[in-house]
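Notes follow once the structure below has been shown.
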Amino acid sequence: MHVPDGFLDAPTSVATAVVALGAVGYALRGARRELDDRVAPLAGLVAVFVFAAQMVNFPVGAGTSGHLLGGALAAVLVGPRTATVCLTVVVTVQALLFADGGVSALGTNVLLLAVVGPWVGYAGFVAARAVLPARLPFVPVAAAAGALLSVVAVAMVFVGLYAVGGAAPIPLDALVTAMGTWHLLIGLGEATITFLVVSSLVATRPDLVHGARPVLPRADLVVRPPVAA
């Protein structure tokens, strides 16, 4: 759901860019607390995975398109601040090198995909984890719930921005229908993918999953030395 050039008016685009810049600056300062020698390679893999997933676009009507977002997945795996940094890099590269999303709308796309998606998704994950049993098998379930919520939230925030400063000749009611219905379906698909990815990591290396740390036994949080042959 990359916003193209000219879809929002200039004041709205500038305002979203300012908010996105502040959010990314905050994320950069806090990401150091989430990253360590184990998680840093995973952050790179998450960025590559999300980049590839977001490049697959399909039309959803009213001049808009949809794709998997990956914000909640990234936040659960590497933390919301690191997820914001990773997705900012992804969205910027897509805009500058692949013309996926407008350059004048870069701030809007960063705000939607790199800020709203990861943070709303992570908030939904934390809320779901709080009501589910505090055991590892329920971490992927909470992650799936956060993923679904993140996609719907990003779509609705975009609709709100369009209501304030839309510049394209698209009726607001048609946009609401297209974004709401299709992104609910996209959210279900994203929830499924998020569940599968988080499940695989929880089953093999739960210590690498940022969102699983509160339910891990303390011994599992210690990096174990390699076993001598």
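Would you work out the charge dipole size for segment 1-41 about its Cα centre, treating the Cβ of every Lys and Arg as +1 and the Cβ of every Asp and Glu as -1, and quote it to the nearest 20 debye? Intermediate results must be reported in sequence, preceding the final value.
Working: 4 positive and 5 negative charges, 47 e Å.
The dipole of segment 1-41 has a size of about 220 debye.
If R0 is taken as 25 Å, the Cβ-Cβ distance between Leu132 and Thr177 corresponds to a FRET efficiency of 0.15. For segment 97-229, the spread of Cα coordinates along the three principal axes comes to 66, 36, 20 Å, biggest extent given first.
For the chain, the membrane-span-like helices by this rule, meaning whole DSSP H stretches whose C-alpha atoms cover at least 24 Å of axis and whose Kyte-Doolittle mean is 1.0 or above, are 10-31, 80-98, 139-165, 172-204; this says nothing about an actual membrane. Using only the C-alpha atoms, the convex hull of segment 10-213 corresponds to 108 Å³ per residue. A Cβ-based charge dipole, computed about the Cα centre of the chain with Lys and Arg at +1 and Asp and Glu at -1, lands at about 840 debye.
Whole angstrom only: what separates the Cα centroid of segment 5-23 from the Cα centroid of segment 146-191? One Cα centre to the other: 17 Å. Within the chain, the longest run free of exposed loop sites, counting trypsin sites (Lys or Arg not before Pro) that sit outside DSSP helix and strand states (H, G, I, E, B) and have at most 14 other Cβ atoms within 10 Å, spans 39-134.
For Met179, Met156, what ranking results if the residue with the fewest other Cβ atoms within 10 Å of its Cβ goes first?
Met156, Met179
Dipole of segment 99-225 computed with +1 at Lys/Arg Cβ and -1 at Asp/Glu Cβ about the Cα centre; of Pro133, Thr108, Val164, farthest Cα towards the positive end is Pro133.
Taking every C-alpha pair closer than 8 Å and separated by at least 6 residues, the mean separation divided by the residue count of the chain gives a relative contact order of 26 percent.
Here the gap between Val164 and Val18, fully extended at 0.36 nm per residue and compared with their Cα-Cα distance, gives a gain of 50.9 nm.
Per-residue packing, averaged as other Cβ atoms within 10 Å, sorts the ranges 167-178, 17-28, 115-126 into the order 115-126, 17-28, 167-178, beginning with the highest.
Suppose the chain between Arg32 and Ala99 were pulled fully straight at 0.36 nm per residue; how much longer would it get relative to their current alpha carbon spacing?
Values: separation 67, 0.36 × 67 = 24.12 nm, distance 3.06 nm.
Gain on stretching Arg32 to Ala99: 21.1 nm.
Exposure proxy for Leu188, Leu112: other Cβ atoms within 10 Å of each Cβ, ordered fewest to most, give Leu188, Leu112.
Every number in this text was worked out from the coordinates using simple rules, so none of it is lab data. Everything numeric here is computed off the predicted structure, so don't read it as measured data. Every residue, glycine as well, gets a Cβ built from its backbone with ideal geometry; the counts of neighbours run over all protein chains shown.
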